[in-house]
Amino acid sequence: MQSYKVLIVDDEYWVKIMLQEVLINSGFTVFTASDHVEAVEVVKNDQPDIVILDVNLLDIDGISLLSRLKSIKSDIKAVFISGSSDAGCIEMAKAHGALGFFIKPFDILEFATFLIEISTSGMTSRGEGKWEMNGGTVQ
Amino acid sequence: MGDERRHSAMNSSKLGKCNCDYFTQNTYTIRQDPPLYVREGSHRILIGYEDDEASSNAYAYDVDFSVIEDATGILGCFATYEEAMEAKLQELQKKKAQNESIIAEKQMAASYIHEIKNPIFSIRGFLQILHQSFNEDDKRKEYVNIIISELDRMNSLINEFLSKYKDDSLVKGEGEDGTSVQKTIEEVVAFFQYGFKLKNITCKCDFSNDELIVMVDKEQLIQILINLIQNSIEAMKTGANLSIKAYAKDKTMCIVEIKDEGIGIRQDDINKVFNPFFSTKENGTGLGLYITKKIINNYGGSIYLESTEGKGTTFYLEFPLISC
C-alpha cells in the first residue's frame with residue numbers, strides 16, 4: 001500500500017522538524033510548509049491525504065488556510081494544532097470538518113497513533129475525532 | 001449631573017466660574033446688578049461648577065440666545081442649551097483609550113508567555129524521540145522522563161498565569177432587559193454629528209420598523225459602534241456617505257451594516273484586521289477591532305466585512321435577537 005501523505009504547516013522551525021521526524025518514524029510520507037504559499041504549492045503538487053495545521057500562522061489563520069486547501073483538494077483531511085485552547089477556535093475547527101485539535105505541548109506518540117488510526121480506518125466525518133479542551137481530552 | 005444643577009449654573013446669581021465667549025463687549029446688558037450680559041446667536045460655552053473645583057470638571061454646552069426687546073428696551077432673553085455631544089464623545093473616547101491600554105498590556109504579556117509554548121513543545125517532542133532510543137534499563141531513560149515531567153509542570157504554571165491574566169475587561173456586561181439596537185445607534189450617531197459636519201459626511205440610517213432588542217450590554221454596544229464609525233470617518237474623504245442599517249434576519253439574528261465610502265482595506269490585510277496590534281493607522285493601537293470582535297463573540301455574535309480598495313468597506317455585525 002502506498003504510504004499515507006501528511007503535510008505539516010507550522011511557522012515554528014523546530015516544531016515542524018520534530019513532528020516530521022516522528023511521523024516519518026511512524027511510516028508516513030511527510031511534507032512541510034511554513035506559510036500559505038508553500039502549503040498551497042505542496043497540496044497542488046503532492047496531493048497530501050491529510051494536513052496538520054497550526055491555528056496561528058504568520059500570514060493567515062489555519063482555518064482560513066484549510067478552506068483554501070480544500071478548494072484545491074476537496075477531500076483533504078485536517079488536524080489542527082495550537083498553543084491556545086480557545087473554545088471558539090475548537091468549535092470553528094470542528095465546523096470546518098477537522099478531525100482533531102491538539103493543544104501544544106501534546107504527547108507526540110499519542111498524536112502519531114491518532115494519525116495512524118485516521119490513515120487505516122478512513123475516518124472522514126467530524127465527531128469521531130479527537131478534541132482537546134482545557135488540558136483534558138474530549139473524544 | 002441633574003437638570004436642576006444645570007439650571008442653577010445658568011442662573012446669573014449662581015454662575016460658577018465661566019469660560020464663556022458670551023461675556024464680551026458687544027453684548028446686550030440684560031441686568032445691572034448683579035450684571036448679566038448675553039450675546040445673541042449660537043455659541044459653545046464651557047462651565048466649571050464651583051462645587052466641582054477640586055475635580056476641575058468643566059462641561060461644554062451648545063447654547064442659543066435670542067434677546068427679546070421692544071421700543072422700551074430689552075425685555076429679557078430666551079436661551080436654549082444642551083450638553084455638547086462631542087464633549088460626551090470625547091469622554092467616551094478617553095475611557096476607551098484607557099481601556100485599550102490596559103488590554104494592550106495584558107495582551108502583550110499573554111502573547112509573550114504564549115510563545116514559550118512552542119519551544120516547550122519542540123523540546124518535549126525531541127525528548128520523547130530520545131526516550132524511545134534508550135534501552136529499558138538505561139538510567140538516561142529515567143532522566144528524560146524527569147525532564148518531560150518538569151516541562152509539563154512548567155507548562156501548567158504558564159496555563160495558570162494565562163488564566164489569571166485573562167482579559168476581564170472583555171467579560172460580558174451585566175445582563176439587563178436587553179438593549180435597543182436602533183436607539184443605541186441613534187445615540188452614537190448623535191455623538192458624531194460634529195465629526196460628520198467637519199468632513200461634510202452624510203450619515204443615513206435605515207432601520208427596520210420593529211424595535212430590535214439584543215442581549216448586549218449597552219455600554220459595550222456603544223463602544224463597538226464608536227470604534228466602527230470612527231474608523232469609517234477616518235477612512236473617508238470630505239463629502240462621502242456613511243450608511244447604517246439595522247434589520248432582523250430569520251427572526252433570530254439582528255444585523256447591523258455599517259457601510260462607508262472610504263479608502264477600503266487591502267485584500268492582504270482583510271484577514272488581519274481583527275488581530276491584536278494590527279493597525280494601518282499611524283497612531284493606532286491595533287486593538288479597536290480586536291476588542292470589538294471579542295465583545296461580539298462573547299455575546300454569541302459575529303462580525304465580518306467586505307471591502308474594495310478605493311471604494312469602501314462594509315462591516316456586518318450579527319447579534320442573537322431576543323425580540324423584534
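We did not get these values from a lab; they are worked out from the coordinates using the rules stated. Please read all numbers here as calculations on a predicted model, not as lab measurements. Positions of Cβ are generated from backbone atoms using ideal geometry, with glycine treated the same way; all protein chains shown enter the neighbour counts.
Quick check: from the Cα gyration tensor, does the range A:5-138 come out rounded (a/c under 1.5), prolate or oblate? Rounded is the answer for the range A:5-138, as its axis ratio a/c remains below 1.5. Computed from phi, the 3J(HN,Hα) profile of the range B:275-290 under the Karplus parametrisation 6.51, -1.76, 1.60 (θ = phi - 60°) reads 6, x, 6, 8, 8, 9, 8, 4, 10, x, 7, x, 10, x, 6, 4 Hz, with x in place of Gly and Pro. The trypsin sites (Lys or Arg not before Pro) of the range B:247-283 meeting both criteria, a DSSP state outside H, G, I, E and B (loop) and at most 12 other C-beta atoms within 10 angstrom of the site's C-beta, are B:Lys251, B:Arg266, B:Lys281.
Here the Karplus relation 6.51 cos²θ - 1.76 cosθ + 1.60, evaluated at θ = phi - 60°, turns the backbone of the range A:83-93 into coupling constants of x, 10, 9, 4, 4, x, 5, 5, 4, 4, 4 Hz, with x for every Gly and Pro.
Close amide H pairs (under 5 Å, H built 1.01 Å from N) link B:Cys205 with B:Ile244, residues at least 5 positions away or on another chain.
DSSP finds beta bridges in the range A:5-138, and of those with both partners inside it, around 15 percent are antiparallel. Ranked by how many other Cβ atoms sit within 10 Å of their own Cβ, fewest first, the residues A:Ser34, B:Ser163 fall in the order B:Ser163, A:Ser34.
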